[in-house]
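The values are calculated or read from the model by the stated rules, or taken from the named source; none is laboratory data. Please read all numbers here as calculations on a predicted model, not as lab measurements. Keep in mind that these areas ignore ligands, DNA and RNA; they rest on the heavy atoms of the full protein, side chains included. Shrake-Rupley method; radii C 1.70, N 1.55, O 1.52, S 1.80 Å.
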Amino acid sequence: MTRSNYGSLILSTDAFLFALAYQVPPVILGCLLRLVIPYPRLKAVVLFPGTFVHELLHLIVGLILNGKPVTFSLWPRKVGQRQWVLGAVGFTNLRWYNAAFIGMAPLLAIVLAMVMTPALIGWTLRMEDLQQWLIAAPILSMCLPSATDCKISLKSWPLLCLLSLFLLWQQYRY
């Protein structure tokens, strides 16, 4: 059986749950990498693919939503006694309508990983799965928005309030 079903749409609940469960091994491995590596410079090298994807997603969403990116850095720098910034993107046009999307952009890495999940039907653990998990581990470990990303997202508080009201209305209208 071939693995030609990568990128297929996740249409059923079973396929969605499988795609979600398939991400558990790389997430655990990525978190272990972040916790176990004691040297910041080595950690920056190991997590570089995740940092690259994280910052690239900020940049792409910022370009699409007119965030006007002005800086892009993947060079790690020390910002405190024990804290490092592994990458950054600077914007000049963060507004109420785009800040939440730009700040939360790294979450799109989870969606991409789920789309790359093999088909549930006929799936068995193979060497390709282990290879994919090793590649995905640093990326998925860095896909959560940072504290700075969350602060940026709060600039969209009017949009977040409207979205919350809409979701409440959807929940209780029936």
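For the chain, set up a Gaussian network in which alpha carbons nearer than 10 Å are linked by springs, and say which option among 71, 124, 148 fluctuates the most. Result for the chain, Cα springs under 10 Å: 124 fluctuates most.
Computed in the context of the full set of protein chains, the accessible area of region 32-137 at 1.4 Å probe radius has 70% of its extent on carbon or sulfur. Comparing Cα centroids, region 57-116 and region 131-154 end up 10 angstrom apart.
Calculated accessible area for the chain comes out at 66 Å² per residue, all protein chains present (probe 1.4 Å; ligands, DNA, RNA ignored).
Spatially close Lys pairs in the chain, defined by Cα atoms under 25 Å apart and a spacing of eight or more places or different chains, total 5.
Computed over the chain, the per-residue total of -39500 (n - 2.57) for DSSP H runs of n ≥ 4 gives a 222 nm mean residue ellipticity of -17000 deg cm²/dmol, rounded to 500.
When semi-axes √(5λ) of the Cα gyration tensor in Å is computed from the coordinates, the matching label among [x] 29, 26, 14; [y] 46, 29, 14; [z] 34, 18, 13 is [x]. Considering only 81, 23, 132, give the residue with the highest GNM mean-square fluctuation for the chain, with springs between Cα atoms whenever their separation is below 10 Å. In the Gaussian network model the winner is 81. Just checking the listed ones, 24, 36, 111: in the Gaussian network model of the chain with Cα springs under 10 Å, the one fluctuating most is 36.
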